[in-house]
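Inspection log for the structure reproduced underneath, given as structure tokens.
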Amino acid sequence: MKKLSIQQRAGKLARTAMYILGLQLIGFGSAHAAQNNLTDSNTLAEKPLAATKHINAGVLDVGYAEAGPVNGEAVILLHGWPYDIDSYTEVTHILAAKGYHVFVPYLRGYGTTRFLSAATPRNGQQSAVAVDIVAFMDALKIKKAILGGYDWGARTADIVAALWPERVKGLVSVSGYLIGSQAGNVAPLAPKAELAWWYQFYFATDRGAAGYAANTKAFNKQIWQLASPKWNFSDATYEQSAKGFDNPDHVQVVIDNYRWRLGLSKGETKYDALEAKLATAPAISVPTVTLEGDANGAPHPEPAQYANKFTGKYVHHTITGGIGHVLPQEAPQAFADAIIEVANMAR
């Protein structure tokens, strides 16, 4: 065996200590106070989720990661923009170790998910994404699951819970009730609120669409920094997730999503009936835990604004410690605790 120098042994001991510290940070926390958020342990670069599985579901060939015992309670975790399934790496490990059967699919336009037909519109409207998830559950023969999400993922989980409550055991939604409508987005907001949506207006222009296509990775990294101002993520962590933007339909789906919200994209007529239901802002009756980070730099409603939209068992937690927009990645233990909490609420 090769003999290590004193310097090499010291370096090895230091790396071991940092690894143990990282495990301690992942393993301890609560749904009220998160681990220190000022540094990034690079755990994503070391053990990212492997979306090695595929299944045809609705209009998509869905790429997804799966973990945990096959007889465990099903949990489906939905990512947002501009993020990917690796935002749930630590959450997935925690829940799988607790006996949950976890599924983390790439949404349309992300990662290894692909449209089955070139003729299918690269539509980003809210109901289309929700129908994708119901089709994903059908394809995997998941009758009922706990759904969790943030950003696009939270909106999608909200919609499935509102329109198909029989498919949802419980809901964990970051930033609460995010169901919207084109009619509801017509009225202008106060200038400060409009400023926070700068990228929505940028995407409404041809210049914005071309700019996003030309600078996708740089643009999205800036969104990460603005949405989570106290999260000092590493370049390695960002680059791992940025692989999820390397999808032939990513730009078109993202641009359409934001244009649809402003009524600049009509969407598909086959979703009109669903959008009409969503325009009434339907209540969500399934057991729900909503979460918010204390340093979320992205536009989001205050908890008091949406509490009455959840008519079943309901709890809200604000996660402290400088937690920003991508709460599952910044405070994985707190998010995992919320999944376990809502599972207990549903029993």
If you go through the stretch 51-60 one residue at a time, how many are more than 20 Å from Tyr100 (Cβ to Cβ) and assigned to a strand (DSSP E or B)?
4
Please state which of the following conditions Phe203 fails to meet, knowing it meets all the rest: (1) of a type outside the set (Ser, Thr, Tyr); (2) without any contact (Cβ under 8 Å) to a residue 60 or more places away in the chain; (3) surrounded by fewer than 21 Cβ atoms within 10 Å (Cβ to Cβ).
(3)
Is one or more of the residues making up the stretch 281-304 loosely packed, with under 15 Cβ neighbours inside 10 Å, modelled with pLDDT of 95 or more and assigned to a helix (DSSP H, G or I)?
yes
Considering only the stretch 146-155, I want to know if a residue exists there that is part of a loop (DSSP other than H, G, I, E, B), within 18 Å of the chain's Cα centre (by Cα) and crowded, with 24+ Cβ neighbours inside 10 Å.
yes
In the stretch 248-267, is there at least one residue being part of a helix (DSSP H, G or I), surrounded by fewer than 21 Cβ atoms within 10 Å (Cβ to Cβ) and of a type outside the set (D, E, K, R)?
yes
Can you tell me how many residues in the stretch 61-78 are of a type outside the set (D, E, K, R) and part of a strand (DSSP E or B)?
10
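How many residues are buried (at least 24 other Cβ atoms within 10 Å of the Cβ) and out of contact with any helix residue (DSSP H, G or I) (no Cβ under 8 Å at 6 or more places or on another chain) if we restrict to the stretch 306-336? If you could, list the steps in order and put the result at the bottom.
Step one: filter the stretch 306-336 for residues buried (at least 24 other Cβ atoms within 10 Å of the Cβ), giving 310, 319, 323-332, 334-336.
Adding the requirement that they be out of contact with any helix residue (DSSP H, G or I) (no Cβ under 8 Å at 6 or more places or on another chain) leaves 310, 330-331.
Matching residues across the stretch 306-336 total 3.
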Does the stretch 308-327 hold any residues that are over 22 Å from Tyr83 (Cβ atoms) and either of a type outside the set (Gly, Ala, Ser) or touching a residue at least 40 places away in the same chain (Cβ under 8 Å) (or both), and which are they?
Asn308, Lys309, Phe310, Thr311, Lys313, Tyr314, Val315, His316
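The values are calculated or read from the model by the stated rules, or taken from the named source; none is laboratory data. Predicted, not measured: the structure shown is a model, and the values here were computed from it. Positions of Cβ are backbone-derived with ideal geometry, glycine not excepted, and every protein chain shown enters the neighbour counts.
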